[in-house]
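For reference, the structure discussed in these notes is given below.
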Amino acid sequence: MNASFRFSLISLACVIFAVACTNQTSQTATTESKSASSSAQSRSTSLVYEQNFEQASLGLFKDAQARALIPNLKWTQFYERFSIVDDPQQGQVLQTVYPAKGVGPSQSGGQFNLPIAPAQEYTLSYKVFFEEGFEWVLGGKLPGLTSGGETYTGGVHPTEGQGWSARYMWRADGDAVIYLYSVDNKKPWGEDIALNVRFEAGKWYELTQRIVLNDPYDNNAILQVWVNGEQVLDKRDFRLRIGDQGYIDTLYFSTFHGGNKPNWAPTEDVYARFDDFRVF
Ligand SMILES: [Ca+2]
């Protein structure tokens, strides 16, 4: 083999290697961009919180039991209306009672505040089941992610874009909405964002919300919702904050009938179940 032929062979090998590497790089990039845009599943590797209630004791779930299971709870508001029960589909679940004539978190359902490490993006998913006979009445709250814990709820608005809350609500007839407090909501209370899903009693629903904060001075926030894996909301080009603040910092478990007037109350005790909370 003369020197020039050997040089040609080496050159050819280098070219083949370079082309192979380029192909490899472009395949990797395609795969990543597909998984990034496909769904909330793409962030499942960075799970920051998970709760399936399998390690809890059956029976009444009071503040002490909750703190044993979830050590970093900030506060609870249970009033002996939370229990751990066995569910035929889900194993152990958290059950909440909404007593007859009860309205608001002091008389109906209950709440807890679970801080999470502040971040610009999170996905929260959990399962909810309304037991047979559930009365929707005018509506009620369901858990969601917030910035500022429980601050921006109950008619308190983040006028400087310093926080927000993105719980869900059921409305009359079980219509599901996102119930949003954010800097550009000029209504006296939260703003309903329709999900075009109607809850029915006796069925488990998996609710998944992905929130990406807007850049500090842009209108590029993202709020996406999936119900049982099907995307039902893709809200973009809005603001959740103004400036370098408003980070996602709380899993706000909040559920009750209301509103704050008696006409939001059920006529009998009604029950819901919750399970499989995941933040990632
Ligand atoms: Ca469970």
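So here's what we get for this one:
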read-out	value
Residue list for the stretch 180-226, restricted to those being among the small types (G, A, S), within 30 Å of R273 (Cβ to Cβ) and crowded, with 16+ Cβ neighbours inside 10 Å	S182, G190, A201
Y217 being among the hydroxyl-bearing types (S, T, Y) and part of a strand (DSSP E or B)	no
Residues (in contact with a Leu (Cβ under 7 Å, 6 or more places away or on another chain), free of Cβ contacts under 8 Å to residues at least 40 places away in the same chain and within 16 Å of the ligand (Cβ to nearest atom)) located in the stretch 54-85	Q55, A56, F61, F82, S83, I84
Those residues of the stretch 150-163 which are at positive phi and either touching a Pro at 6+ places or on another chain (Cβ under 8 Å) or not in a loop (DSSP other than H, G, I, E, B) (or both), in sequence order	G155
Hey, L251 aliphatic (A, V, I, L, M), closer than 20 Å to L94 by Cβ and more than 16 Å from the ligand (Cβ to nearest atom) or not	yes
Pick from the stretch 63-112, criterion among the hydrophobic types (A, V, I, L, M, F, W, C) and in a helix (DSSP H, G or I), ranking: surrounded by the most Cβ atoms within 10 Å (Cβ to Cβ)	A66
Residue that is farthest from the ligand (Cβ to nearest atom) [pool: residues in the stretch 264-275 that are surrounded by 18 or more Cβ atoms within 10 Å (Cβ to Cβ) and under 17 Å from L94 (Cα atoms)]	V270
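Here, each number is a calculation from the coordinates, and none is a lab measurement. Fair warning: this is a prediction, and the values are worked out from it, not measured in the lab. Every residue, glycine as well, gets a Cβ built from its backbone with ideal geometry; the counts of neighbours run over all protein chains shown.
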